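The values are calculated or read from the model by the stated rules, or taken from the named source; none is laboratory data. Just so we're clear, the structure is a prediction, and the values are computed from it rather than from any experiment. Neighbour counts run over all protein chains shown; Cβ positions are idealised from the backbone, glycine included.
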Amino acid sequence: MNNLVGLLGEHGANANIVGAVETYTVHQLMVYANAYRQTYSHLSKQPAALIYTNAASFVVGMLAFDGHCSRLYLCSAVLAKDLDASITRITIDLADASSTKSPNTESVVQSSIDEDQKQERLSGRVKTDSQCSNVVTQWCLATSGTSGKPKWFAHTLASLTRNSKASLTLGDLCWANLYQAYRYAGLQVLLQVLISGATLVDDDSDDLLLKIQCWVNTNVNAISATPSMWRQMLMSNHLHNVPLQRITLGGEIVDQPLLDKLAKLHPTASIAHIYASTEAGVGFVVKDQLAGFPASWLQQGVSNAQLAVDEKQHLRIKPKHELDAQLDTLIDDKGYLDTQDIVRLEGDRVIFLGRASGVINVGGNKVPPEKVESVILSVEGVSQAKVYGQPNSVLGNLVVADIVIEPNLEWVNISQTIRSQCKLFLQRFEIPVKLRKIDSLVMSPTGKLNRSDDHV
């Protein structure tokens with residue numbers, strides 16, 4: 001199928017979105033989508049920006065405009081400001097119809113609901129792609145944009161759903177919504193839910209304990225999150241109340257201590273970490289509960305890509321799907337994309353050390369902060385760690401670490417252990433000159449450790 005409506009029709013469209021106020025079935029959301037497609041019929045084969053409000057409303061927009069618009073920019077209100085003024089901005093919020101619908105949308109929706117519900121009762125099915133054009137929509141997603149303006153990369157529905165699967169087991173999963181759905185990782189979770197006929201719990205609380213209690217009440221059994229998010233959840237000491245069957249990690253380097261903690265807390269859960277990027281899509285999935293990935297993949301490849309390591313120790317990846325033309329400058333003559341991730345071969349394993357753009361220059365020596373953080377996080381009692389460079393007139397920078405430890409532990413003892421571990425596993429210039437005990441670390445809106453905030 002060329003569009004999401006048709007794809008879900010093939011799989012039965014049995015998913016549910018549990019919102020803060022109401023639960024929606026995909027059948028209901030398709031009805032709304034039909035109405036919105038009628039209201040915005042003038043956007044056929046035109047670009048549009050879909051602004052995120054909540055999961056259910058976002059799904060309506062995806063269903064309405066995929067196969068209808070030429071390009072669909074998935075974004076927040078902030079990201080939308082950087083788009084060309086000629087691109088139509090669309091905000092859908094089913095919870096607040098009066099402020100988000102165009103003047104005639106509400107009546108169109110109601111009449112569509114009445115007619116479609118009648119048809120559904122007669123046929124037992126919801127309309128699929130009969131109201132969609134044959135347009136193959138480009139789904140445009142933005143990079144994180146931590147420095148400068150974000151860059152937009154185009155995907156097709158086929159490339160975005162390459163790893164999405166449907167089965168009875170996957171259909172029984174109930175996912176927590178932790179990612180922003182207009183980002184690549186969040187979109188992957190949302191599409192997996194839709195295609196597998198699973199449930200997504202879209203809790204909008206900012207309080208982690210309230211979030212976890214909501215997951216308990218709604219029978220959440222699957223969570224996808226960044227390592228930073230997982231560490232934060234583990235610190236709450238309430239994650240054991242959530243009966244997890246599926247755990248996925250992505251967006252940051254996954255260290256072995258974190259994998260071990262999750263496996264100990266949820267011994268029967270499937271645990272996987274995913275390597276993906278907005279630019280290249282999903283590269284590979286590691287399911288053996290070990291950090292890094294098997295070195296054999298460098299020779300034989302993996303399901304979605306060919307892998308290589310260049311002379312700068314950067315991981316290069318050649319996805320099996322067609323890449324956006326905008327990536328040309330990052331692709332070598334063999335078709336490999338420079339991921340900018342620094343890796344190291346350790347026995348039969350390739351281990352991630354950090355991002356090339358984030359290295360700390362210490363007297364001409366390059367120090368990936370993530371490499372130092374992994375050593376610190378291996379110390380029992382350390383919950384979170386952030387390593388950064390402190391300006392120095394002689395060496396350019398010195399390595400400093402902010403550390404969060406578990407409650408009721410002695411900082412003196414833990415800091416001594418950290419220093420011993422650093423001396424054992426790091427070169428002299430990589431060892432932090434200062435260890436700071438702090439109460440918490442700041443995360444970015446994408447759920448990653450915020451590496452751009454000021455240090456005092």
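Return the residues of the range 76-111 that are at pLDDT below 95, surrounded by 15 or more Cβ atoms within 10 Å (Cβ to Cβ) and either hydroxyl-bearing (Ser, Thr, Tyr) or not in a loop (DSSP other than H, G, I, E, B) (or both); say none if nothing qualifies.
Ser76, Leu79, Ala80, Thr100, Thr105, Val108, Val109
Return the residues of the range 1-54 that are under 28 Å from Ala176 (Cα atoms), hydroxyl-bearing (Ser, Thr, Tyr) and in a loop (DSSP other than H, G, I, E, B); say none if nothing qualifies.
Those that are under 28 Å from Ala176 (Cα atoms), hydroxyl-bearing (Ser, Thr, Tyr) and in a loop (DSSP other than H, G, I, E, B): Tyr52, Thr53.
For the range 341-364, what are the residues that are crowded, with 16+ Cβ neighbours inside 10 Å and more than 14 Å from Leu290 (Cβ to Cβ)?
Result: Asp341, Ile342, Val343, Leu353, Gly354, Arg355, Ala356, Gly358, Val359, Ile360, Val362.
Among the residues of the range 431-443, which ones are more than 14 Å from Gln384 (Cα to Cα) and surrounded by fewer than 16 Cβ atoms within 10 Å (Cβ to Cβ)?
Val433, Lys434
Name the residues in the range 396-420 that are over 22 Å from Met443 (Cα atoms) and buried (at least 17 other Cβ atoms within 10 Å of the Cβ), would you?
The answer is Asn397, Leu398, Ile414, Ser415, Ile418.
Mind checking which residues of the range 231-241 are part of a helix (DSSP H, G or I) and surrounded by fewer than 23 Cβ atoms within 10 Å (Cβ to Cβ)?
First, the residues of the range 231-241 that are part of a helix (DSSP H, G or I): 231-235, 239-241.
Within the range 231-241, Gln232, Met233, Leu234, Met235, Leu239, His240, Asn241 meet the criteria.
Please tell me if Ala222 is closer than 19 Å to Ser57 by Cβ, at pLDDT 95 or above and not β-branched (Val, Ile, Thr).
no
Kindly provide the set of residues from the range 272-303 that are hydroxyl-bearing (Ser, Thr, Tyr) and either in a loop (DSSP other than H, G, I, E, B) or modelled with pLDDT of 95 or more (or both), ordered by number.
Hits for the range 272-303 are Thr278, Ser296, Ser303.
Mind telling me which of the residues Pro391, Pro445 ends up being assigned to a loop (DSSP other than H, G, I, E, B) and not aromatic (Phe, Trp, Tyr)?
Going through Pro391, Pro445 in turn, the sole match is Pro445.
When you scan the range 140-155, do you find a residue that is within 22 Å of Tyr24 (Cβ to Cβ) and at pLDDT 90 or above, even just one? Working first, answer last.
Restricting attention to the range 140-155, the residues satisfying the condition of being within 22 Å of Tyr24 (Cβ to Cβ) are none.
Looking for residues that are within 22 Å of Tyr24 (Cβ to Cβ) and at pLDDT 90 or above, one finds none in the range 140-155, hence no.
Restricted to the range 4-47, and to residues that are surrounded by 22 or more Cβ atoms within 10 Å (Cβ to Cβ) and without any contact (Cβ under 8 Å) to a residue 60 or more places away in the chain, which residue is farthest from the chain's Cα centre (by Cα)?
Top of the filtered list is Ala33.
Which of (1) within 27 Å of Ala80 (Cα to Cα); (2) surrounded by fewer than 21 Cβ atoms within 10 Å (Cβ to Cβ); (3) more than 12 Å from the chain's Cα centre (by Cα) is the odd one out, the single condition Gln192 does not satisfy?
All conditions pass for Gln192, except number (2).
When you check Lys386 against the structure, is it of a type outside the set (S, T, N, Q), part of a strand (DSSP E or B) and either in contact (Cβ under 8 Å) with a residue 12 or more places away in the chain or not assigned by TED's automatic domain parsing to the domain that holds Met235 (or both), yes or no?
When the stated conditions are applied, Lys386 passes them.
This table checks each residue for (1) without any contact (Cβ under 8 Å) to a residue 40 or more places away in the chain; (2) over 30 Å from Asp206 (Cα atoms).
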| position | (1), (2) |
| --- | --- |
| Thr417 | yes, yes |
| Ser420 | yes, yes |
| Pro432 | no, yes |
| Leu441 | no, no |
| Ser444 | no, no |
| Asn450 | yes, no |
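Of all residues in the range 358-378, count the ones that are among the basic types (Lys, Arg) and under 25 Å from the mean Cα position of the chain (by Cα).
Going residue by residue through the range 358-378, those that are among the basic types (Lys, Arg) are 366, 371.
Among the residues that remain, those that are also under 25 Å from the mean Cα position of the chain (by Cα) are: 371.
Residues in the range 358-378 being among the basic types (Lys, Arg) and under 25 Å from the mean Cα position of the chain (by Cα): 1 in total.
Going by the structure shown, is Ala225 out of contact with any Lys or Arg (no Cβ under 6 Å at 6 or more places or on another chain), under 23 Å from Ile405 (Cα atoms) and surrounded by fewer than 19 Cβ atoms within 10 Å (Cβ to Cβ)?
No: the conditions fail for Ala225.
Any residue that is at pLDDT 95 or above and not charged (D, E, K, R) - is there at least one of those in the range 316-338?
no
Go through the range 195-225 and give me each residue that's farther than 18 Å from Ala55 by Cβ and in a loop (DSSP other than H, G, I, E, B).
Correct list: Asp207 only.
Taking Gln306, is it part of a strand (DSSP E or B) and more than 24 Å from Trp175 (Cα to Cα)?
For Gln306, the condition - part of a strand (DSSP E or B) and more than 24 Å from Trp175 (Cα to Cα) - is met.
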